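For reference, the structure discussed in these notes is given below.
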Amino acid sequence: MISLEHKQRLHFLDSYLANPTNPLILHLIGAGGTGSAMLSSLARLQITLLAMGHPGFDLILWDDDVVTEFNIGRQLFSPAELGLPKSVALINRINRFMGFDWKAQVVKFPVLERLSNDQDLIGSIYITCVDNVKARFDLVHTIDNFLYSGFSRNTPRYWLDIGNSKDFGQAVLSTIGEVKQPDVSIGKTIAHLPSVIEEYGELLVNSEEQDDTPSCSIEDALKKQSLFINSTLALLATDILSDLFIYGKISERGFFLNLKNKTCQPLKV
């Protein structure tokens, strides 16, 4: 008989998220290289979930930046979108293409001064595609303000954080608090998945911030980030959510990607 310690570690999707009565609120934070690619991948997941009878997501995209000529090519923007707010350009395009009713916010998330009474910041799922450490800690502070507000369909349950440097990147899926797990015999269930702050907070604080100064050319931009690091991260990260929502469970909750030598190391549950 296989002991519990040697069984595969699994995390099962929150039972309400598996069969909700309404679309789930999903906050996508950041509309740059990874965020713009993530939006396209999430749209494909949305179509799949709707076809399966799941109500899918009401997505809100947060970003206060505008499209410049140096975003075109490396990020998913066209010359016709120059000068437009990134979140508006992306949401308008995906809504027209897919027939969605997703929303854009032309401000940074979280809006800390609105925390006392603004329910618009609550969601079931948060996805961060940001290039600074402070934004991650601010999100944790934001979520903590809502955890004890009582049960609702939008109670925060998952946080997927995605980050990268020039050729390296990672994604970490975490639970917000504990997610009740079913009683199963096929593996050892894990109710709490630690966040990137819990596991790597000290490293984040001590690490150098990514250079977010505007690029003066496409060549300059590519010196900061390789051309396909963001889209590769977005596809792999969305695949984790896909497994969680389509199959109801995961055994890997993230990964570490080295695009330079084409390797990917999974992060086990």
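The values are calculated or read from the model by the stated rules, or taken from the named source; none is laboratory data. Since the structure is predicted, the reported quantities are computational estimates derived from the model, not experimental observations. These accessible areas exclude ligands, DNA and RNA; they are computed on the full protein's heavy atoms, side chains included. Shrake-Rupley method; radii C 1.70, N 1.55, O 1.52, S 1.80 Å.
Structure values in brief
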{"item": "Global form of the stretch 34-126, assessed from the alpha-carbon gyration tensor, a/c cut-off 1.5", "result": "oblate"}
{"item": "Probe 1.4 Å, accessible area per residue of the stretch 1-88, Å²", "result": "44"}
{"item": "Proximal lysines relative to Lys249, as straight alpha-carbon distance under 24 Å, when same-chain residues fewer than 8 apart are discounted", "result": "Lys7, Lys180, Lys188, Lys268"}
{"item": "Reach of Lys260 by Cα under 19 Å, taken over lysines that are not fewer than 8 positions away in the same chain", "result": "Lys166, Lys223, Lys224"}
{"item": "Cα-based shape type of the stretch 1-81, given that a ≥ b ≥ c are square roots of the gyration tensor eigenvalues and the cut on a/c is 1.5", "result": "prolate"}
{"item": "Largest-first ordering by accessible area, 1.4 Å probe, given options Val133, Val140", "result": "Val140, Val133"}
{"item": "Carbon plus sulfur fraction of accessible area for the stretch 1-102, probe 1.4 Å, in percent", "result": "56"}
{"item": "Heavy atoms of Ser78: accessible area, 1.4 Å probe, square angstrom to 10", "result": "40"}
{"item": "In Å², nearest 10: area of Arg44 left accessible to a 1.4 Å probe", "result": "150"}
